[in-house]
1. Can you spot a residue in the range 45-56 that is closer than 25 Å to residue 133 by Cα, within 13 Å of the chain's Cα centre (by Cα) and modelled with pLDDT under 90?
2. Report yes if residue 128 is modelled with pLDDT of 95 or more, under 30 Å from residue 184 (Cα atoms) and in contact with a helix residue (DSSP H, G or I) (Cβ under 9 Å, 6 or more places away or on another chain), otherwise no.
3. Which members of the range 47-95 meet the condition of being of a type in the set (Ser, Thr, Tyr) and over 17 Å from residue 32 (Cα atoms)?
4. Those residues that are small (Gly, Ala, Ser) and either open to solvent by less than 20 Å² (accessible area, probe 1.4 Å) or assigned to a helix (DSSP H, G or I) (or both), I need them from the range 1-44; list them, please.
5. Residues that are surrounded by 18 or more Cβ atoms within 10 Å (Cβ to Cβ) and under 15 Å from the mean Cα position of the chain (by Cα): list the strands (runs of 3 or more DSSP E) wholly contained in the range 77-184 that include at least 3 such residues.
Amino acid sequence: MMQYIFGYGSLMNSASRQLTGQTSEAIPAVAHGLCRYWGKVDDSYILAPLVVTRGDGLVNGVLLQVDDKQLVEFDRRERGYQRIKIEHDKLDSQLSLANGDSVWIYVTDQAMPPCERSPIVQTYVDTVLAGCLEISEQFAEQFVAHTIGWHHPRENDRHQPKYGNLAGVTREHHPVIDKLLASC
């Protein structure tokens, strides 16, 4: 039996994943019955990360094969979230999952919206979208279209990054990312 994490934010970025020690191939996937928001799980956040709740929507992301030790590391990285299983029939992917395989996703029951004190920061957005662009520009467009809350406070911190797992973003990414976000 294999187990996978469904990454829908910074875990889509291979360089950011490596900060947690995960280097398996990222397999693009879409999960149904979930909604992705800009939000936070509590007031301790200095920036608003992405959160997923159960709901009538879809979330694109990547499947990452993990072992038990890596799963513990991701549980630590994703503290504040609940890890739940995704049913195989709720996933669209090129990966053929066996009956005993587990696919995990980190969710919250309720998301608090970003605010001036904990805004959406550009370096987090850059990290996520650089990860999407590792797959394709269409995948990045789908991320932007199916993420709720772009209207909340945002801060351009590219010159003084606030996001601790900033990785895999080059200056060449900036104009592509800015173009993707122009519709928000």
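1. Initially, the range 45-56 is screened for residues closer than 25 Å to residue 133 by Cα, giving 47-53.
When the remaining residues are screened for being within 13 Å of the chain's Cα centre (by Cα), the result is 48-53.
In the following step, the residues that additionally are modelled with pLDDT under 90 were identified as none.
No, that holds for no residue.
2. Details: modelled with pLDDT of 95 or more: yes; under 30 Å from residue 184 (Cα atoms): yes; in contact with a helix residue (DSSP H, G or I) (Cβ under 9 Å, 6 or more places away or on another chain): yes.
Against the criterion (modelled with pLDDT of 95 or more, under 30 Å from residue 184 (Cα atoms) and in contact with a helix residue (DSSP H, G or I) (Cβ under 9 Å, 6 or more places away or on another chain)), residue 128 qualifies.
3. Of all residues in the range 47-95, those of a type in the set (Ser, Thr, Tyr) come to 53, 81, 93.
Scanning the range 47-95 gives a single hit, 81.
4. We begin by selecting, within the range 1-44, every residue small (Gly, Ala, Ser); these are 7, 9-10, 14-16, 21, 24, 26, 29, 31, 33, 39, 44.
Passing the criteria: 7, 9, 10, 14, 15, 16, 29, 31, 39.
5. 102-107
The values are calculated or read from the model by the stated rules, or taken from the named source; none is laboratory data. Quick caveat, the model's predicted, so the values are computed rather than measured. Cβ coordinates were reconstructed from backbone atoms using ideal geometry, including for glycine residues, and neighbour counts include every protein chain displayed. These area figures cover heavy atoms from the full protein model, side chains too; ligands, DNA and RNA do not enter into them. Shrake-Rupley method; radii C 1.70, N 1.55, O 1.52, S 1.80 Å.
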